[in-house]
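The values are calculated or read from the model by the stated rules, or taken from the named source; none is laboratory data. Everything numeric in this text was worked out from a predicted model, so none of it was measured. Reconstructed Cβ throughout: ideal geometry from the backbone, glycine too, with neighbour counts over all protein chains shown. For the accessible areas, the whole protein counts, side chains as well, though only heavy atoms, and no ligand, DNA or RNA atoms are used. Shrake-Rupley method; radii C 1.70, N 1.55, O 1.52, S 1.80 Å.
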Amino acid sequence: MLVVSLGGSPSQRSRSGVLLDRCQRWLQQHGVEVVSYQVRDFPAEDLLHARFDSPKVIDLLQQIENADGLLIATPVYKASFSGALKTVLDLLPERALSHKVVLPMATGGSIAHMLAVDYALKPVLSALKAQEMLQGIFAEDAQIAYGEGSVPARLAPELAQRLSEALEQFFSAMARHPKPLDPQWLNDRLLSARWSI
Ligand SMILES: Cc1cc2nc3c(=O)[nH]c(=O)nc-3n(C[C@H](O)[C@H](O)[C@H](O)COP(=O)(O)O)c2cc1C
């Protein structure tokens, strides 16, 4: 299984990034390969000028095409998801998430905007035709403590519990929805099988 992880925070030190790191570690322990992207790694010029042919965007798109699932996490900015993340999502084609299981996550300063995942992020992921969208996770800043030196980041027990339940669901949803076979790949396999008889 392959999962793409997309971080929507412009900040290097990022609580939503801590959630993604946790998810990545959990998935890797379950034998899943995770490829990680952060919005801040994309050239700003490519995003602001909506360059659909940006090599970094094409690379993301190819990884998504090969992936079974997408993890996406964003800070809440002004009651919505980050604008930087929107500039990346805007460059994906309309069916980019078809056949993908998606786990959306957000972190925010207070629970006042805990529904931002539902009313802001999920509609955009639906527009990209996500096949199965899980319930989503919202975490308050107070529930995530950054690591220092050799001390790892810590999640409040209630959040850690919710996250591991969401990951179990994400993992089984991906197992239930195996990626459709690429017709070209199938064709090549059939041809090579014939030649090898
Ligand atoms: C520009 C800006 C706007 C924000 N707006 C909100 C908001 O509307 N609601 C909220 O709950 N938190 C808001 N926050 C707090 C962040 O969502 C919160 O600290 C989040 O965990 C940051 O995630 P990150 O560390 O991954 O960047 C805002 C923070 C910034 C910098």
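Couple of notes before you dig in:
- Within region 74-89, considering residues that are part of a strand (DSSP E or B) and more than 7 Å from the ligand (Cβ to nearest atom), the one nearest to Pro104 (Cα to Cα): Thr74
- Number of positions in region 140-185 that are open to solvent by less than 80 Å² (accessible area, probe 1.4 Å), assigned to a helix (DSSP H, G or I) and under 24 Å from Ser98 (Cβ atoms): 8
- Subset of region 98-131 (residues that are farther than 13 Å from Tyr77 by Cα and not in a helix (DSSP H, G or I)): Ser98, His99, Lys100, Val101, Val102, Leu103, Pro104, Met105, Leu128, Lys129, Ala130, Gln131
- Hey, His99 more than 20 Å from Gln24 (Cα to Cα), touching a residue at least 24 places away in the same chain (Cβ under 8 Å), surrounded by 14 or more Cβ atoms within 10 Å (Cβ to Cβ) and away from the ligand (no atom under 15 Å from the Cβ) or not: yes
- Filtered residues of region 1-35 (kept if open to solvent by 60 Å² or more (accessible area, probe 1.4 Å) and either assigned to a loop (DSSP other than H, G, I, E, B) or polar (S, T, N, Q) (or both)): Met1, Pro10, Gln12, Arg13, Gln28, Gln29, His30, Gly31
- Residues of region 108-139 that are crowded, with 17+ Cβ neighbours inside 10 Å and within 16 Å of the ligand (Cβ to nearest atom): Gly108, His113, Ala116, Val117, Ala120, Leu121, Gly136, Ile137, Phe138, Ala139.
- Any hit, region 55-74, residues being within 20 Å of Leu159 (Cβ to Cβ) and free of Cβ contacts under 8 Å to residues at least 24 places away in the same chain: no
- Which listed residue, of Leu70, Leu2, is at pLDDT 95 or above, within 19 Å of Lys122 (Cβ to Cβ) and away from the ligand (no atom under 11 Å from the Cβ): Leu70
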